[in-house]
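Data first, discussion second: the structure below is written as structure tokens.
The values are calculated or read from the model by the stated rules, or taken from the named source; none is laboratory data. Quick caveat: nothing in here was measured; it's all calculated off a predicted structure. Glycine gets a Cβ as well: all are built from the backbone with ideal geometry, and neighbour counts include every protein chain shown. Protein only, heavy atoms only, side chains kept; ligands, DNA and RNA dropped before computing areas. Shrake-Rupley method; radii C 1.70, N 1.55, O 1.52, S 1.80 Å.
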Amino acid sequence: MIIEEKLKLALEIAKRLNHVRRTEWNKWVNYFIANDLEKALTLAQLLSNSQMLRYGPKTNYKTIYNVLNNKKEQLKKIIQENHSDLFEIFGYISWKIK
């Protein structure tokens, strides 16, 4: 992927993650880095329904799950082509969210 494609996708995703806090996003990305996309999406889904979390973090994880689950096939394709491209895209997203 060229940088313009990465930035375009990152901006598109970041726009949909408009109320997600950077701290929750970075926690999720770190879990993704240590595991894989399926496990990270499952974690986000579980946390979005957790009775142990406050409303804000639960909402953040629900948004992360919904947005990235909708892009899952595109993200899997990026992983197959060049895994590090997805790390870069997620880094750009982190810059754009608050």
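Looking only at the range 67-92, residues that are open to solvent by less than 70 Å² (accessible area, probe 1.4 Å) and closer than 20 Å to Arg21 by Cα come to 10 in all. Within the range 14-34, track down each residue that is farther than 17 Å from Thr59 by Cβ and in contact with a Leu (Cβ under 8 Å, 6 or more places away or on another chain). Tyr31, the sole residue that qualifies. Flag: Ala40 does not match the condition of being hydrophobic (A, V, I, L, M, F, W, C), more than 12 Å from the chain's Cα centre (by Cα) and modelled with pLDDT of 95 or more. Could you please let me know if Asn49 is without any contact (Cβ under 8 Å) to a residue 40 or more places away in the chain and not hydrophobic (A, V, I, L, M, F, W, C)? In short, yes. Within the range 1-26, the set of residues being free of Cβ contacts under 8 Å to residues at least 24 places away in the same chain and among the aliphatic types (A, V, I, L, M) comprises Ile2, Ile3. Among the residues making up the range 43-84, those that are part of a helix (DSSP H, G or I), charged (D, E, K, R) and at pLDDT 95 or above are Lys58, Lys62, Lys72, Glu73, Lys76, Lys77. Residues that are farther than 17 Å from Ile79 by Cα, free of Cβ contacts under 8 Å to residues at least 24 places away in the same chain and open to solvent by less than 80 Å² (accessible area, probe 1.4 Å) within the range 27-44 comprise Thr42, Leu43, listed in sequence order. Taking the stated definitions as given, is Ile97 open to solvent by less than 20 Å² (accessible area, probe 1.4 Å) and at pLDDT 95 or above? Judged against the criteria, Ile97 is not a match.
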